[in-house]
C-alpha cells in the first residue's frame, strides 16, 4: 500500500512539474519584491527642473534648490517662462519655478499629464521651500491631465492591458503545438498571427480609451499605431523566449513584462519618483516605453517619442530574429543522424511538439 501511494505521488507530481512549481514560487516572490521595492516609498530624486529668475539671483536660486536634502531636484537656469513652458511640453524637464522679481508670489509650472503624483510632489516641495523663504507659489499646469483620466493612469492601464494580452496570445500560439517552434514555417506563421493580433488589439484599445470612454484625448490613429507596435513587440519577444527555453520562456516573459516592467513603467509613480534600479530599467522595457509614448501622444503633442518607439521596435525586431533563428537551429538539429532521439527529447520537454509536428499543426 505504501509503495502504491508513493507511486501515485510520483506520477501526480513529476520531477519536471516540481521544478516548474519551484519556478512559479520564485516568480511569486520576485513579484512581491519588485512591486513593493519600487512603490513602497516614492520620493523625488534628481527631477529635471527649470528655474527662471532675474540674472542677479538665478544662480543663487539654482544653488538653493540643488542643495535640498536628498537631492530631489536637478535644477538648471532658463532664460524665460516661455522657454520653460516649451521644455516642459517637449518633456525635457518635469517642472519649473518662475521667480517674480516684483512681489513675493512666484509661479510653479508642472505637467500632470506626465503623472499627477509627480506634479503633486513637486508642488508640495516647492511650497515648503518657498514658504521658508517667505514667498508664496501659484501652480500652473502646462499639460493638464484629462478630467476623465484619474491621476493620469489611463495610459498606463492601456499599456499593461495590451502587454498582458500580447504575451498570453503568444504563449497560447506556442504551447498549442509544443513549447518550441518545430520549424521556420510554423514560427513565421505564429509571428504573422501576432501581426493580426497586434492590429486588432491596438485598434480595440485605442477605441476603448478614446471614443468609448473618453479617458485619453490623444489621436486614435496614433494610439492604434503605438498599441499595435507594443503588442507585436511583446508577442515577438515572448515567442523568442519560448523558442529558446521552451515552456520556461513563458515564465521569463512574465518576469520581464509583469514583474520587472510594470512597476518600473512610471504608471502610479513616474520615473523620477522610483528607486534607481527601477528608474534605470523602466525606459528599456516595453511597458515603460509604451507608457511614456502613450502620455506623449495624449498630452504632449507626440513630443519626445523617438526613444520609446526605438525601444519597442528593437524588442520587435529582436523577437522576430531570435524566433526564426531558434526555429532554423531546431530544424537543423532534427535533420542530424540522431534526429529520432532529439525529437523524443523535444517531445518530452515541449509537451507534445513531436506529435504536433507530425500532424502538421
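No lab work stands behind these numbers, since they all come straight from the coordinates. The shown structure was predicted, so the numbers you read here are calculated from the model rather than taken from an experiment. FYI the Cβ positions are ideal-geometry reconstructions off the backbone, even for glycines, and counts take in every protein chain you see.
Here are some notes:
- Relative to the dominant Cα principal axis of the chain, helix 184-207 is inclined by about 40°.
- Stretching residue 120 away from residue 221 to a fully extended chain increases their span by 33.3 nm, per 0.36 nm per residue minus the current alpha-carbon distance.
- Note on the range 182-259 and the range 64-136: Cα centroid distance 38 Å, given to the nearest whole angstrom.
- Based on C-alpha pairs under 8 angstrom that are at least 6 apart in sequence, the chain has a relative contact order of 18 percent.
- Normalised contact order of the range 47-141, rounded percent, pairs of Cα under 8 Å and 6 or more residues apart: 26 percent
- Beta bridges by DSSP in the chain, antiparallel share as percent, to the nearest 5: 20 percent
- When the helices of the chain are scored as -39500 (n - 2.57) per DSSP H run of n ≥ 4 and the total is divided over every residue, the value at 222 nm lands at -20000 deg cm²/dmol.
- Rounded to whole Å, sorted largest first: equivalent-ellipsoid semi-axes of the chain, Cα gyration tensor: 50, 22, 16
- Taking the C-alpha atoms only, the angle from helix 2-12 to the longest principal axis of the chain is near 60 degrees.
- Here the spin labels are modelled as points 7 Å beyond Cα on the Cα-Cβ line, and at residue 128 and residue 63 they lie 2.3 nm apart.
- Projected label distance in nm at residue 333 and residue 248, using a 7 Å step from Cα toward the beta-carbon: 1.2 nm
- Sorting 323-333, 105-115 by average packing, meaning the other beta carbons within 10 Å per residue, from highest down gives 105-115, 323-333.
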